[in-house]
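The values are calculated or read from the model by the stated rules, or taken from the named source; none is laboratory data. Since we're looking at a predicted model, the values are computed, not measured. Methodologically, a virtual Cβ is constructed for each residue, glycine included, from the backbone with ideal geometry; neighbour enumeration extends over all protein chains shown. Each accessible area value is taken on the protein alone, full model and side chains, heavy atoms only, with ligands, DNA and RNA left out. Shrake-Rupley method; radii C 1.70, N 1.55, O 1.52, S 1.80 Å.
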2 protein chains.
Amino acid sequence: MIPVDKLIHGRPYEETNEGPRFRPCVPNGVLARLGDKWTILVMSHLAVASGHRLRFSALKNGIEGITQRMLTLTVRNLERDGLLVRHYFPEVPPRVEYELTEMGASMLPALEGFTSWIRENWPEIAKTRAAYDEAQQ
Amino acid sequence: MIPVDKLIHGRPYEETNEGPRFRPCVPNGVLARLGDKWTILVMSHLAVASGHRLRFSALKNGIEGITQRMLTLTVRNLERDGLLVRHYFPEVPPRVEYELTEMGASMLPALEGFTSWIRENWPEIAKTRAAYDEAQQ
DNA sequence: CAGTATCCCCCCAGATACTG
DNA sequence: CAGTATCTGGGGGGATACTG
């Protein structure tokens, strides 16, 4: 009998006297990665590129303000997670292309669902923020 | 004639000689907030609470490892964005309850869509990471 | 062209102490 | 009980210079 975590909305938790206690778990880490400064922009670019594929310079030129260093780190992390693959062509000068994997592409609908909620609700969020900040000072 | 941003997947961009250039925009900021260390855990707790409503101590006791300071900051930010409301009862000792707003509750399906994708794909992500790290050293 | 390699700064989160 | 106030360390991210 293998012990199985109890789940609420798919999230593991333990029972306590004062109710369920969630344990920090996977979704946070992945969401935090995707929510970082550049990852969504890289994914968006690849999402609309033909063949879900772009070279390094195209990403760099296409994303306003990103530095070479941060783009490198961002695509490395995405590659590490298996969301994209790196194609290296040993020419001179070298050429590198990044392409969404099947898993990377499978993430797009969920991402789109989330971002569309944000876009729909952004006006109200902005309004609420303004009112909140107004009330503070 | 009001100029309207061109959009790809709802995201504003500008045309350049080398293709579309996305501008950093709203979804990143909101996604970054939601993806931070504690926000999803707070939202999850309220999501399953009766009346989508819990008091400060219940959240604190229910979320393993969160400090008083970080819980305060997290609920403040959520309140500022209009995703929850703070109910203050001037008793002694004081009592404070946090409740999801209609907008806050409306976010749950999108969030669930995303986290379920993560849970489904987590095994492969973990496997890919392990293989990647293996290949590095 | 597509990266490393450094340096550095700022800010976030944790720890701790105090309060209405 | 539900917060603030303050200090501190570590890490993320920018700037810059160098390289196969």
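Against the definition (at the interface with chain A (Cβ under 10 Å from one of its Cβ atoms) and within 16 Å of DNA strand D (Cβ to nearest atom)), how does B:Ile118 come out, yes or no? Taking the combined requirement at face value, the residue does not satisfy it.
Kindly evaluate A:Leu46 against the criterion of being more than 16 Å from DNA strand D (Cβ to nearest atom), open to solvent by 20 Å² or more (accessible area, probe 1.4 Å) and modelled with pLDDT of 90 or more. So A:Leu46 does not fit the description; no. I'd like to check something: does segment B:75-97 contain any residue that is under 16 Å from B:Leu54 (Cα atoms), hydrophobic (A, V, I, L, M, F, W, C) and in a helix (DSSP H, G or I)? Yes, that holds for at least one residue. For A:Glu14, state whether it is closer than 22 Å to B:Arg21 by Cβ and either without any contact (Cβ under 8 Å) to a residue 12 or more places away in the chain or within 12 Å of DNA strand C (Cβ to nearest atom) (or both). Spelling it out, it is not the case that A:Glu14 is closer than 22 Å to B:Arg21 by Cβ and either without any contact (Cβ under 8 Å) to a residue 12 or more places away in the chain or within 12 Å of DNA strand C (Cβ to nearest atom) (or both). Taking interchain pairs and intrachain pairs at least six residues apart, which have beta carbon atoms under 6 angstrom, with the first residue in segment B:64-85 and in the same structural domain as B:Leu54 (by TED's automatic domain parsing) and the second part of a loop (DSSP other than H, G, I, E, B) and surrounded by fewer than 18 Cβ atoms within 10 Å (Cβ to Cβ)? If the second residue must be part of a loop (DSSP other than H, G, I, E, B) and surrounded by fewer than 18 Cβ atoms within 10 Å (Cβ to Cβ), the pairs left are B:Glu64/A:Arg23. Only a single criterion out of (1) closer than 30 Å to B:Ile8 by Cβ; (2) more than 15 Å from DNA strand C (Cβ to nearest atom); (3) not assigned by TED's automatic domain parsing to the domain that holds A:Pro109 is not satisfied by A:Gly19, namely (1). Is it true that B:Val30 is open to solvent by less than 40 Å² (accessible area, probe 1.4 Å), more than 7 Å from chain A (Cβ to nearest Cβ) and either β-branched (Val, Ile, Thr) or at positive phi (or both)? It is false that B:Val30 is open to solvent by less than 40 Å² (accessible area, probe 1.4 Å), more than 7 Å from chain A (Cβ to nearest Cβ) and either β-branched (Val, Ile, Thr) or at positive phi (or both). Summed over segment B:38-59, residues that are at the interface with chain A (Cβ under 7 Å from one of its Cβ atoms) and either within 16 Å of DNA strand C (Cβ to nearest atom) or in contact with a Gly (Cβ under 8 Å, 6 or more places away or on another chain) (or both) total 4. If the condition is being touching a His at 6+ places or on another chain (Cβ under 9 Å) and part of a helix (DSSP H, G or I), then segment A:55-74 contributes A:Ala58, A:Leu59, A:Gly62. Within segment A:33-43, the residues that satisfy the criterion of being touching a residue at least 12 places away in the same chain (Cβ under 8 Å) and open to solvent by less than 20 Å² (accessible area, probe 1.4 Å) are A:Leu34, A:Thr39, A:Ile40, A:Leu41, A:Val42, A:Met43. Being more than 9 Å from every other protein chain (Cβ to nearest Cβ), away from DNA strand C (no atom under 16 Å from the Cβ), under 21 Å from A:Ser116 (Cβ atoms) and surrounded by fewer than 13 Cβ atoms within 10 Å (Cβ to Cβ) is a description that does not apply to B:Glu134. Within segment A:64-109, restricting attention to residues that are of a type in the set (Asp, Glu) and within 12 Å of chain B (Cβ to nearest Cβ), the residue that is surrounded by the fewest Cβ atoms within 10 Å (Cβ to Cβ) is A:Glu102.
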